[in-house]
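Working notes, beginning with the structure itself.
The values are calculated or read from the model by the stated rules, or taken from the named source; none is laboratory data. Please read these numbers as outputs of a predicted model, since none were measured by experiment. Cβ placement follows ideal geometry from the backbone for every residue including glycine, while neighbour counts extend to all protein chains displayed. Note: areas computed on protein heavy atoms with side chains; ligands, DNA, RNA excluded. Shrake-Rupley method; radii C 1.70, N 1.55, O 1.52, S 1.80 Å.
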Amino acid sequence: MQKLKEEIGQVLAPLVDLDPSEVINLLEVPPEPEFGDLAFPCYVLSKKLKKAPPLIARELSEKLADEEGHFWGKAEPRGPYINFYIAPQSFSQEILNQIWRQGSEYGHTNIGNGGNLPIDYSSPNIAKPFGVGHIRSTVIGHALYLIYRAIGYNSIGVNHLGDWGTQFGKLIVAFERWGDQEKLESDPVNYLYHLYVRFHQEADKDPALDDEARLWFKKLEAGEEEATAYWKSFRQLSLDNYAVIYDLLGIKFEHFHGESHYNEMLDDVIELALEKGIAKESEGALMVDLEPHGLPPVMLRKKDGATLYITRDLAAAIYRHERFHFARSLYVVGAEQTLHFQQLFKVLELLGFEWARNCVHVPFGLIRFKEGRMSTRAGKIILLDEVLQRSINLARQIIEEKNPDLEDKEHAARAVGIGAVRFGDLSNDRIKNIEFDWDKVLDFSGETAAYIQYAHARICSILRKAEPDYRQWDDRAVALLTEEEEVTLIKTLALLPDKIIASAENYRPSILARYLIDVAREFNRFYHHCPVLNSSNDLKHGRLLLIDAAGQVITNGLGLLGIIAPEEM
Ligand code: ARG
């Protein structure tokens, strides 16, 4: 498309007395494919030429008829527009050759110019299990991490672990009263969670427990030895558990900077807020009034001296800016924290940090299983590792049925099972709530990862059957791809770079996910209409190159969603 634009710019510019770049900027994508691939709006010239736009369009089209276009096939007037149609053959050659040459890099650009981009994602709360509510942050955050890398940013994965706060006071109280070291060591995360739930049940009856918990947390904040030892062991046991999940998902964080990481920076934040005159004492607590900005007040320090989630987030934001000089700083956190981030960014702005405007909250809706909203408090929870294991098991059963002779079933089951969970999330607009339905996310003919993975496996199987010598570029063979299904598939493949950019700029991996469904669908349509291995030699070669490119686009695209496309399944 870019080349077509440039070509139109070169040829049209002298005819309309504009710079090629001005022409390019004016080009529009027509609303319907029948109106061409790009359109030039002639009404912008009507004042200058003192003519009606449709007349200008007709006259220019006549002049253009004499021009040789390599990429455009024809230029036709339609109302006030000149519609340009891509020349299918040169377009096909250009696109398929690009995919051929760039391989796993196809779709990547360098818009980001290496700029640092910390992405705060996953960020579970220690000593509470990694619930399925965190799955969305993990899956969306990781996709954005990969997508931003692909457009030239230096994504930096930051896990802002919830490893500080009053819940540690509660856990210590619970462990002191009802704890059993052996149980803790044998199944730490579930056991800590069990203690956490028990604490809340008991504290409902006996509010004194809450005071005790607050006291323990104060000791922890003061660095008292016993409290610190508890905290360290709870933290480490939880971290070991997360490592298993992140491994399964192929996620590596550059930084595990939990909330506790910022403890020693909190005094500076508070001092700065006082210095700037935005923080005021109120009944012993330290508050920032945000009323003039239409937001509720922020508490930086409680009257017992304890700091809060937002105090640590302020320190974290400042730290990230000092350390990374980021181009943008993303927070992939549920929509229920929208207010928190509005307050956070506003306070940063009031502290005089201009870069506050480069901080972005990327919110998402809730995820529900049939059981209703997952809540750590109520004691009903589905753990992410259980969800993943269950998905892998279901995928294994399906594969067992469909392809009993498959050699590496385990590899395929993992790819399909994990792909189902990831894609089941990522294919939805993130801001919507999702209802997770096993039948749907594993449906091989639905809008699922398996559907796309299956198209890819089919491509690989055809390529395996073809003689290896198709693996050579052949311009002539590609020029034979003129069937409607072929051209449409190629046009779809050409969109990958734009879709990746759009996913990044809108913070919406769903754009890429939906696009990959289109690719698989267009491949299937092609496959049903155009024989590959049974067509004559040159055409066969062209079609093999085409499906090779389609396979590459699927691999690259799914890869950016953190999903593997197995060769067989
Ligand atoms: N641990 C928090 C939670 O589970 C999410 C942290 C998000 N990141 C941040 N910088 N506040 O609710």
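In the stretch 135-183, which residue that is open to solvent by 10 Å² or more (accessible area, probe 1.4 Å) and among the charged types (D, E, K, R) is farthest from GLU221 (Cα to Cα)? So the residue we want is ARG149. Residue count for the stretch 343-365, restricted to those that are away from the ligand (no atom under 13 Å from the Cβ) and either open to solvent by 20 Å² or more (accessible area, probe 1.4 Å) or of a type outside the set (A, V, I, L, M, F, W, C) (or both): 10.
Answer yes or no: is there a residue in the stretch 97-109 that is more than 24 Å from LEU308 (Cα to Cα), at pLDDT 95 or above, among the hydroxyl-bearing types (Ser, Thr, Tyr) and surrounded by 24 or more Cβ atoms within 10 Å (Cβ to Cβ). Step through it out loud before you land on a result.
In the first step, residues of the stretch 97-109 are kept if they are more than 24 Å from LEU308 (Cα to Cα); the result is 97-109.
Keeping just the survivors that are at pLDDT 95 or above gives 97-109.
Filter once more, so that each one left must be among the hydroxyl-bearing types (Ser, Thr, Tyr): 104, 106, 109.
Cutting the leftovers down to surrounded by 24 or more Cβ atoms within 10 Å (Cβ to Cβ) gives us none.
Checked the stretch 97-109: no residue is more than 24 Å from LEU308 (Cα to Cα), at pLDDT 95 or above, among the hydroxyl-bearing types (Ser, Thr, Tyr) and surrounded by 24 or more Cβ atoms within 10 Å (Cβ to Cβ).
Scan the stretch 122-176 residue by residue and report those that are within 26 Å of GLU212 (Cβ to Cβ), away from the ligand (no atom under 15 Å from the Cβ) and in contact (Cβ under 8 Å) with a residue 12 or more places away in the chain. Within the stretch 122-176, GLY169, LYS170, LEU171, ILE172, VAL173, ALA174, PHE175 qualify.
The requirement of being in contact with a Gly (Cβ under 9 Å, 6 or more places away or on another chain), assigned to a helix (DSSP H, G or I), open to solvent by less than 50 Å² (accessible area, probe 1.4 Å) and modelled with pLDDT of 90 or more is fulfilled nowhere in the stretch 25-37; no residue meets it. Listed by first and then second residue, the pairs with beta-carbon distance under 7 Å, at least 6 apart or on different chains, first residue in the stretch 28-40 and within 20 Å of SER92 (Cα to Cα), second part of a helix (DSSP H, G or I) and open to solvent by 20 Å² or more (accessible area, probe 1.4 Å), are LEU38/LYS5. Scanning the stretch 159-173 for residues that are among the aromatic types (Phe, Trp, Tyr) and in a helix (DSSP H, G or I) yields a count of 1. Among residues of the stretch 305-316 that are among the aromatic types (Phe, Trp, Tyr), those with a beta-carbon under 8 Å from a residue that is within 8 Å of the ligand (Cβ to nearest atom) and open to solvent by 20 Å² or more (accessible area, probe 1.4 Å) at least six positions away or on a different chain give the pairs TYR309/HIS340. Restricting the stretch 248-261 to residues that are more than 13 Å from GLN389 (Cα to Cα) and assigned to a helix (DSSP H, G or I) leaves a set whose member that is most open to solvent (accessible area, probe 1.4 Å) is HIS261. When the stretch 426-451 is filtered for residues that are touching a residue at least 24 places away in the same chain (Cβ under 8 Å) and among the basic types (Lys, Arg), the ones remaining, listed by number, are ARG430, LYS432.
State which residue is most open to solvent (accessible area, probe 1.4 Å) when the search covers only the stretch 274-316 and only residues that are within 16 Å of the ligand (Cβ to nearest atom) and part of a helix (DSSP H, G or I).
Filtering the stretch 274-316 for residues within 16 Å of the ligand (Cβ to nearest atom) gives 298-300, 307-316.
Pick out the ones that are also part of a helix (DSSP H, G or I) and you get 309-316.
Numbers: TYR309: 80, ILE310: 16, THR311: 0, ARG312: 8, ASP313: 3, LEU314: 2, ALA315: 3, ALA316: 0 Å².
Applying the filter and picking the extreme gives TYR309.
All conditions but one from (1) under 30 Å from ASN110 (Cα atoms); (2) touching a residue at least 12 places away in the same chain (Cβ under 8 Å) apply to ALA502; the one that does not is (2). On the basis of being away from the ligand (no atom under 16 Å from the Cβ), within 29 Å of the chain's Cα centre (by Cα) and within 29 Å of ASN506 (Cα to Cα), does TYR106 make the cut? When the stated conditions are applied, TYR106 passes them.
Kindly establish whether ALA316 is over 20 Å from PRO118 (Cα atoms) and modelled with pLDDT of 95 or more. Before you say what the answer is, go through the steps one by one.
Details: over 20 Å from PRO118 (Cα atoms): no; modelled with pLDDT of 95 or more: yes.
In short, no.
Assessment of the stretch 325-339 against the conditions (at pLDDT 95 or above, away from the ligand (no atom under 15 Å from the Cβ) and not in a loop (DSSP other than H, G, I, E, B)) yields no matching residue.
Within the stretch 407-431, can you find the residues that are of a type in the set (Lys, Arg) and closer than 24 Å to VAL333 by Cα? I'd like the intermediate steps shown before the answer.
The first filter runs over the stretch 407-431 and keeps only residues of a type in the set (Lys, Arg), leaving 409, 414, 422, 430.
If the condition is that a residue be of a type in the set (Lys, Arg) and closer than 24 Å to VAL333 by Cα, then ARG422, ARG430 are the ones that fit.
Within the option set LEU192, LEU237, being touching a residue at least 24 places away in the same chain (Cβ under 8 Å), buried (at least 17 other Cβ atoms within 10 Å of the Cβ), hydrophobic (A, V, I, L, M, F, W, C) and touching a Pro at 6+ places or on another chain (Cβ under 6 Å) holds for one residue only, LEU237. When the criteria are applied in full, GLY223 meets the requirement of being more than 16 Å from the ligand (Cβ to nearest atom), more than 30 Å from LEU117 (Cβ to Cβ) and not in a helix (DSSP H, G or I).
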